[in-house]
1. Taking the Cα centre of the range 3-120 as origin, work out the dipole magnitude from +1 charges on Lys and Arg Cβ and -1 charges on Asp and Glu Cβ, in debye rounded to 20.
2. Once the Cα atoms of helix 59-68 and of the chain are each reduced to a long axis, what angle between those two axes, in degrees from 0 to 90 to the nearest 10, is obtained?
3. For the chain, modelled as a GNM with alpha-carbon contacts under 10 angstrom, which of D19, D60, D94 fluctuates the most?
4. Using Cβ contacts closer than 10 Å as the measure, can you line up T73, T89 from fewest to most?
5. How high is the relative contact order of the chain, given as a whole-number percent (alpha carbon pairs under 8 Å, six or more residues apart)?
6. So how do 30-38, 8-16 stack up, highest first, on mean other-Cβ count within 10 Å?
7. What is the spin-label model distance, in nm, from E58 to E95 if the labels are put 7 Å beyond Cα along the C-beta direction?
8. List the lysines whose alpha-carbon lies under 25 Å from that of K114, not counting same-chain residues fewer than 8 positions away?
Amino acid sequence: MDAAQLRRACLSFPGTFEDFPFGPEVSVFKVRAPGGAAKMFALSNLGSPALAISLKCEPDLAEQLRAAHPEITGAWHLNKTHWNGVDCTGSLPDEMIRDIIEDSYDLVVATLPKKDRDSLGWTQLSQGSDA
């Protein structure tokens, strides 16, 4: 997966946008419902030759993915219990990377208030509470 494909994958979900709060090198992908607060679900230095992305992940799944795939590690400079670093330089199938990007998005959207989830048109069988 190249940088353009990675950017498109991150921006393919409702309410997503790219931001640069850490400087021009680091793309931070966030989700925001209309009128709601923005929450980060992915970040990457898209200009790096060693293309990687940090993604939110459910802790048990994060451990399983790391054990099964050496390309997936604890995310650098983030809480390694909840964030994975994913090497995107070709070892993992693009479809798998897209799936774990979607999982990250879903985890973050699930924490939004119900009205915000509804305004995004988000549906998932296990949406959690109506916080």
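1. On the way: 12 positive and 16 negative charges, 88 e Å.
That gives a dipole near 420 debye.
2. 20
3. Per the Cα network of the chain with a 10 Å cutoff, D60 tops the list.
4. On the way: T73 17, T89 13.
Listing T73, T89 from fewest to most nearby Cβ atoms yields T89, T73.
5. RCO, the chain: 23 percent.
6. My ranking of the peptides, most packed first, is 8-16, 30-38.
7. The modelled label-to-label distance comes out at 2.1 nm.
8. Cross-link targets: K30, K39, K56.
Just so you know, all these numbers are worked out from the coordinates, no wet-lab data involved. These numbers were taken from a predicted model, which means no experiment stands behind them. Cβ atoms come from the backbone with ideal geometry, glycine included; neighbour counts cover every protein chain shown.
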